[in-house]
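The values are calculated or read from the model by the stated rules, or taken from the named source; none is laboratory data. The model shown is predicted, which means the values in this text are computed figures rather than measured ones. Note that each Cβ is placed from the backbone with ideal geometry, even for glycine, and that neighbours are counted across all protein chains shown.
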Amino acid sequence: MKKEKYKFLFIALLMLMCYSISALAQSNPHELFIPPPTGPGQFLDQTILADTNSNGTRKDPDRVYVLQRGGEYLVGTFVRNTNWVLRIKAQDGPGKNPIIYLFPNATTGKPPGYFIHVSGDVYLKNLAISGIVEADPAIDPTNYIGGMQGALISTNSPGKNIYIDSCLLTNTNGNHVRTDQAPITVKITNSLFTNMGYLGTSNLGAGKAVDLRAGSCDSLIMINNTFINWQDRIIRHHASTAPIRYMNFDHNTLVNGMSYHGLLSLGKTGKEIKITNNLFIDPFALGSDTDAVRQAEFTDHEEKDAYGNPKMVWIYSSPNDTTVFKITNNYYCISTEGQKFLTDNHLSEGAILTDHIKKKLGADSSKAFKKVSLTLPNVPKLMTTFMTWYRDPNGGNKTKSTTNWSAKYDYDRRTIKYYRDTMNCAYSTSHEAYTGSQGGFPVGDLNWFPTKKVAWESYVSAVEKLDDGIIPVNYVLDQNYPNPFNPSTTITYSLPAKSTINLKIYNALGQEVVSLVNNEIQEAGKYKVVWNGKDATGKTMATGVYFYSLKAEGVNLIKKMLLIK
């Protein structure tokens with residue numbers, strides 16, 4: 001018995017040693033863990049900037065700064081990463097994202113103007129960043145929002161890349177991300193952008209998610225994000241001198257926006273602009289009006305309203321003959337409160353697209369946006385008090401100025417911990433929007449539907465256009481290969497002309513298993529789709545006969561395949 005006991009202990013010890021060696025081997029030697037401060041005067045920016053050799057070079061050019069899950073950090077001055085890559089992330093594993101607060105200067109009483117002055121590539125992951133140190137607004141409303149500054153991330157050099165994934169950015173008076181210098185790529189995924197704008201220290205032409213100023217951007221990618229509470233625009237590229245060469249604005253949820261000078265102000269555009277599978281709720285809440293101050297920046301599209309003034313439009317660009325627009329599977333809702341504000345003030349919800357963009361889309365423009373009624377379970381209230389003050393002759397009197405304004409007119413500005421821990425934008429699974437996007441997935445930010453997000457990630461890597469330069473003569477659905485298959489199979493099909501496509505998988509009872517392509521507009525050509533043998537929830541299907549169907553412009557083609565485990 002004793003011998004068996006020692007044998008068990010030996011095996012357990014050996015397993016522990018193996019685990020420790022394995023864990024050590026898997027750790028990143030470039031990672032530097034930074035614990036939360038334990039006393040006053042300990043700032044994250046100082047630790048990052050001090051990580052240098054005596055000659056000023058970085059101690060490790062591949063450094064990754066790792067913050068403690070659930071920890072809280074302070075930034076006293078901006079970080080400028082001149083010609084070196086800045087990487088900051090939370091610890092791997094479960095737990096709440098660490099919070100970074102911009103801390104007021106002892107002399108000015110104001111926080112720094114931004115967190116990062118981009119002079120090299122930037123990678124941020126699993127962080128929560130606030131432009132102010134938040135106090136309880138019921139106890140100290142002045143400190144809660146007073147002194148708020150302009151940005152969180154701002155560029156200092158051209159030709160850099162900004163990658164933001166699974167982060168929360170909140171509380172600036174100007175813009176959360178601003179690129180005064182032309183970036184290569186700005187990629188924002190799986191993130192929350194909240195509380196954009198503060199009239200106490202700026203004006204109503206401020207309060208944006210991404211401000212590209214007037215310069216170029218090679219790729220602007222914004223996928224699976226949620227935007228809540230903005231004064232001005234989600235994207236500003238006003239009066240641009242160079243284009244956004246490629247933009248993919250896909251599966252985003254947008255809620256509660258005044259949209260003072262527009263919603264997506266794209267300016268000059270390049271090869272392709274995609275606006276797909278998004279959910280908009282009260283996104284242009286201030287409505288369309290004859291308002292010269294607002295209309296002053298609705299000029300890029302060159303279109304006029306009935307009075308000869310710049311037309312107010314949600315999404316607009318400078319007209320050109322080369323940009324390909326793909327705008328489809330978007331849903332929008334004007335809430336009861338939002339409609340009441342529009343009705344009481346004799347306003348319209350405004351045009352969504354310019355005539356130029358609609359002309360580029362052709363007949364597909366009627367499918368670009370669908371209006372629905374939809375309620376989210378836990379989001380801030382619409383900023384009707386703020387908007388009413390703006391229009392009041394004894395209030396804002398339809399100007400950008402802060403005259404007669406006080407924090408009591410501010411929008412429903414929730415705390416960073418509310419956004420991180422409590423807010424919920426997961427609408428009813430019985431709503432049509434739940435299957436309204438390409439592939440039959442929910443419209444909007446899929447992070448609110450985690451199971452669907454997993455299935456979508458497999459789906460988006462599956463559809464590919466085969467650019468062989470040959471235009472097919474007929475609609476063709478090829479036999480899948482391999483067949484029988486396990487676990488995945490490839491389906492190819494051909495389109496002789498631009499078509500609205502549905503490609504779906506059915507079981508032997510005729511029940512839909514998954515929609516691989518759902519009401520997607522595709523150009524003429526040949527396409528390849530990989531089905532991973534799973535349904536729309538990510539569940540692996542059982543052995544059996546399945547059917548796949550291609551529907552396009554009155555054509556319905558069906559073939560059979562066999563899954564064998």
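I need the full set of residues from segment 177-232 which are touching a helix residue (DSSP H, G or I) at 6+ places or on another chain (Cβ under 6 Å) and either free of Cβ contacts under 8 Å to residues at least 24 places away in the same chain or over 25 Å from GLY146 (Cα atoms) (or both), in order please.
Result: ASN190, ASN224.
Please list, ordered by residue number, the strands (runs of 3 or more DSSP E) wholly in segment 168-213 having 3 or more residues that are under 17 Å from GLU297 (Cα atoms) and either not aromatic (Phe, Trp, Tyr) or not assigned by TED's automatic domain parsing to the domain that holds TRP389 (or both).
Result: 208-211.
I'd like the full set of residues that are within 24 Å of GLY215 (Cβ to Cβ), in contact with an Asp or Glu (Cβ under 8 Å, 6 or more places away or on another chain) and assigned to a loop (DSSP other than H, G, I, E, B), limited to segment 304-321. First the steps, then the outcome.
Of segment 304-321, the ones within 24 Å of GLY215 (Cβ to Cβ) are 310, 313-321.
From the residues that got through so far, the ones that are in contact with an Asp or Glu (Cβ under 8 Å, 6 or more places away or on another chain) too are 310, 313, 316-319.
Correct list: SER317, SER318, PRO319.
Within segment 304-313, does at least one residue satisfy the condition of being in contact with a Phe, Trp or Tyr (Cβ under 8 Å, 6 or more places away or on another chain) and crowded, with 24+ Cβ neighbours inside 10 Å?
Let us first name the residues in segment 304-313 that are in contact with a Phe, Trp or Tyr (Cβ under 8 Å, 6 or more places away or on another chain), namely 310-313.
Still in the list and also crowded, with 24+ Cβ neighbours inside 10 Å: 312-313.
Yes: one or more hits.
Tell me yes or no: at least one residue of segment 14-23 is outside any loop (DSSP other than H, G, I, E, B), in contact with a Lys or Arg (Cβ under 9 Å, 6 or more places away or on another chain) and either at pLDDT 95 or above or more than 25 Å from GLY95 (Cβ to Cβ) (or both). Give the steps one after another, and end with the answer.
If we filter segment 14-23 for residues that are outside any loop (DSSP other than H, G, I, E, B), which is where we start, we get 14-23.
Subset that is in contact with a Lys or Arg (Cβ under 9 Å, 6 or more places away or on another chain): none.
Within segment 14-23, none of the residues are outside any loop (DSSP other than H, G, I, E, B), in contact with a Lys or Arg (Cβ under 9 Å, 6 or more places away or on another chain) and either at pLDDT 95 or above or more than 25 Å from GLY95 (Cβ to Cβ) (or both).
Working only within segment 423-458, note down all residues that are of a type in the set (Phe, Trp, Tyr) and either modelled with pLDDT of 95 or more or under 19 Å from PHE227 (Cα atoms) (or both). Reasoning before the result, please.
Keep residues of segment 423-458 that are of a type in the set (Phe, Trp, Tyr), which gives 427, 434, 441, 448-449, 456.
Matches in segment 423-458: TYR427, TYR434, TRP448, PHE449.
Give the residues of segment 459-504 that are of a type in the set (Asp, Glu) and at pLDDT 85 or above, sorted by residue number.
First pass over segment 459-504, keeping only residues of a type in the set (Asp, Glu): 464, 467-468, 478.
Scanning segment 459-504 gives a single hit, ASP478.
Could you check segment 277-316 and list, in sequence order, the residues that are in contact with a helix residue (DSSP H, G or I) (Cβ under 8 Å, 6 or more places away or on another chain) and either outside the structural domain of LEU347 (by TED's automatic domain parsing) or among the aliphatic types (A, V, I, L, M) (or both)?
LEU279, ALA285, LEU286, MET312, ILE315
Please specify each residue of segment 98-124 satisfying the condition of being assigned to a loop (DSSP other than H, G, I, E, B) and surrounded by 23 or more Cβ atoms within 10 Å (Cβ to Cβ). Talk me through it step by step, then tell me what you get.
Start the filter on segment 98-124 by keeping residues that are assigned to a loop (DSSP other than H, G, I, E, B), which leaves 98, 103-115, 119-121.
Scanning segment 98-124 gives PRO98, PRO111, TYR114, PHE115.
The rows are residues; the columns are (1) of a type in the set (A, V, I, L, M); (2) under 17 Å from LYS417 (Cβ atoms); (3) in contact (Cβ under 8 Å) with a residue 60 or more places away in the chain.
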| residue | (1), (2), (3) |
| --- | --- |
| LEU86 | yes, no, no |
| LYS89 | no, no, no |
| ILE99 | yes, yes, yes |
| PRO104 | no, no, no |
| THR108 | no, no, no |
| VAL122 | yes, no, no |
| LYS125 | no, no, no |
| GLY131 | no, yes, no |
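Rundown of residues vs (1) of a type in the set (Val, Ile, Thr); (2) outside any loop (DSSP other than H, G, I, E, B), yes/no style:
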position	(1), (2)
ASN518	no, yes
ILE521	yes, yes
LYS528	no, yes
ALA536	no, no
ALA542	no, no
VAL545	yes, yes
TYR548	no, yes
LYS551	no, yes
ASN556	no, yes
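Taking VAL517 and the conditions (1) of a type in the set (Val, Ile, Thr); (2) over 25 Å from ILE223 (Cβ atoms); (3) touching a helix residue (DSSP H, G or I) at 6+ places or on another chain (Cβ under 7 Å), which numbered condition does it fall short on, given that it satisfies the others?
Single failed check for VAL517: (2).
Looking at (1) modelled with pLDDT under 90; (2) more than 25 Å from VAL324 (Cβ to Cβ); (3) surrounded by 14 or more Cβ atoms within 10 Å (Cβ to Cβ), which is the one condition that is false for GLU520?
So the condition that GLU520 fails would be (2).
Is it the case that some residue within segment 366-374 is out of contact with any Ser or Thr (no Cβ under 8 Å at 6 or more places or on another chain), in the same structural domain as ALA292 (by TED's automatic domain parsing), exposed (fewer than 14 other Cβ atoms within 10 Å of the Cβ) and modelled with pLDDT of 95 or more?
Looking for residues that are out of contact with any Ser or Thr (no Cβ under 8 Å at 6 or more places or on another chain), in the same structural domain as ALA292 (by TED's automatic domain parsing), exposed (fewer than 14 other Cβ atoms within 10 Å of the Cβ) and modelled with pLDDT of 95 or more, one finds at least one in segment 366-374, hence yes.
Yes or no: segment 281-293 includes at least one residue that is crowded, with 19+ Cβ neighbours inside 10 Å, touching a strand residue (DSSP E or B) at 6+ places or on another chain (Cβ under 6 Å) and not in a loop (DSSP other than H, G, I, E, B).
For segment 281-293, residues crowded, with 19+ Cβ neighbours inside 10 Å, touching a strand residue (DSSP E or B) at 6+ places or on another chain (Cβ under 6 Å) and not in a loop (DSSP other than H, G, I, E, B): present.
Hey, could you check segment 42-74 for residues that are out of contact with any strand residue (DSSP E or B) (no Cβ under 6 Å at 6 or more places or on another chain) and among the aliphatic types (A, V, I, L, M) and say which is surrounded by the fewest Cβ atoms within 10 Å (Cβ to Cβ)?
Here the residue is ALA50.
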